[in-house]
Amino acid sequence: MAASVWNSCRNIGQKFVFTPLLRNCSQCGVTQSSKTSLRPLKDAGIQRRELSSRTNSTGSGGQWLRLGLGVAGMTAVTGAGYITYRYRQAMATTADGPVTTAQCQSSVDLPPMKVTLYQYLTCPFCCKTRAFLEYYGIDFQVIEVNPLSRREIGWSDYKKVPIVIVELDGKDDKQQLNDSSVIISILKTFMVNTHKDLDKIVSYYPLMVTQDANGKEVREIANKHWVMVDLETMSEEYGKRRRAEVKWRKWVDDHFVHMLAPNIYRSQAEALQAFDYITNVQNFGPWEKWAAKYGGSAIMWTIAKRLKSKYQLKDDVRESLYDAANEWLKGVGKKKFMGGSQPNLADLAVYGVLSSIEDFDTFRDLMENTKMRPWYERTKKAVKTHAGANTTHVHAP
């Protein structure tokens, strides 16, 4: 029975077991797969490997942010080479890049372990991951990645951030976790299960390779928004809450996060404001900072228009952002949080994404033109005080 994965489908007695065939649950959308259908973990965005001092000349980056920064940086710095990085004074400098350490109270549900987060400080997906780690009081070290050279993650085959490296006490190898939603789901599953077998938990999130209507290969991690729990320890009411949590976590990734770029780069002035902030807090060298601020802002202002069309936003993209915020608040209703009396993973996801733009006009307009502020401030307080650290989550997440 230890080889089985139990899931919270509507029918509480229903069980899913790893088999050579893929099975889809029509009630909750959870997919299970056996090892025979898994691709190599490094291709699935969850990579288990022993890290050494040798590096590969591969890189990682964001999507729309990386595109703007990359084009601008290459244009301005061609022939000059990279300048020695000028790190912020608030950060200590190591061979791996700027490092900070979060001072959290370790969660009661986790064994001793070292967690390292590779990030861009203002990346919404990285902010979402940080919000989860901070809320649950998981001690973690941060390594800020240079958005242009990506030297700090040159050893990784995975090409995006965030990346989390987990080192468990007593084990020689390291577990690499990729994709913010997958990282959060794996670590939360690790917290709520009595067995602390991280390798086994990682296997619950296999790579699914399909083709779209145009024949293009589509890769996605199965179960990325699901926390895996034992049905025998779960109430029917919790099953309902869990499905709602998954629904809103998907909403954040598929809809809400796409509101940000068209809004923070809505005008040339706002694009310049955004890049002025980004280049001052992220890991840029002097020439890179100049290129990103002026070249990147101009490029992203243009790209924002395309994103507006792609995601079918209103002429005034602020209105689409306000609509999304009001949709979220309607879901929260009269509760303190979407999770009820405490934030759940959907609360942490929305908060994390919004925290990435807290210093921009977009955020101030959102707070002034919607009723988001009370919920946001409550969630921020819960995150910054590590409110989830002293709560026992095993069997009752």
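The values are calculated or read from the model by the stated rules, or taken from the named source; none is laboratory data. Being a predicted model, the structure only gives us computed values, none of them experimental. Here the Cβ positions follow ideal geometry from the backbone for every residue, glycine too, while neighbour counts run over all protein chains shown. These area figures cover heavy atoms from the full protein model, side chains too; ligands, DNA and RNA do not enter into them. Shrake-Rupley method; radii C 1.70, N 1.55, O 1.52, S 1.80 Å.
Below, the figures for the structure above:
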item	result
Only one of S267, S185, S156, S203 that is hydroxyl-bearing (S, T, Y) and over 25 Å from S356 (Cα atoms)	S203
Pairs, first within 16 Å of C127 (Cβ to Cβ) and without any contact (Cβ under 8 Å) to a residue 12 or more places away in the chain in segment 359-380, second assigned to a helix (DSSP H, G or I) and open to solvent by less than 10 Å² (accessible area, probe 1.4 Å), C-beta under 7 Å, six or more apart	F363/L354
Filter result (open to solvent by 10 Å² or more (accessible area, probe 1.4 Å) and outside any helix (DSSP H, G or I)) within segment 176-201	D179, N193, T194, H195, K196, D197
Of residues in segment 203-256 being of a type in the set (K, R) and part of a loop (DSSP other than H, G, I, E, B), the one surrounded by the fewest Cβ atoms within 10 Å (Cβ to Cβ)	K216
Set V142, V161: member being under 26 Å from L354 (Cα atoms), open to solvent by less than 20 Å² (accessible area, probe 1.4 Å), at pLDDT 90 or above and in a loop (DSSP other than H, G, I, E, B)	V161
Answer residue from segment 263-287, given it is out of contact with any Ser or Thr (no Cβ under 8 Å at 6 or more places or on another chain) and crowded, with 18+ Cβ neighbours inside 10 Å and is modelled with the highest pLDDT among those	Q273
All positions within segment 288-303 that are open to solvent by 50 Å² or more (accessible area, probe 1.4 Å), out of contact with any Phe, Trp or Tyr (no Cβ under 7 Å at 6 or more places or on another chain) and not small (G, A, S)	W290, Y294, T302
Pairs, first farther than 17 Å from I184 by Cβ in segment 111-122, second open to solvent by 40 Å² or more (accessible area, probe 1.4 Å) and assigned to a strand (DSSP E or B), C-beta under 9 Å, six or more apart	K114/Q141; K114/E167; K114/K174
Selection count where residues are over 28 Å from D276 (Cα atoms) and either free of Cβ contacts under 8 Å to residues at least 24 places away in the same chain or open to solvent by less than 20 Å² (accessible area, probe 1.4 Å) (or both), scope segment 341-358	5
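Yes or no, residue by residue, for (1) out of contact with any Cys (no Cβ under 7 Å at 6 or more places or on another chain); (2) in a loop (DSSP other than H, G, I, E, B); (3) modelled with pLDDT under 95; (4) of a type in the set (D, E, K, R):
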site	(1), (2), (3), (4)
L117	yes, no, no, no
L121	yes, yes, yes, no
T129	yes, no, no, no
D157	yes, yes, yes, yes
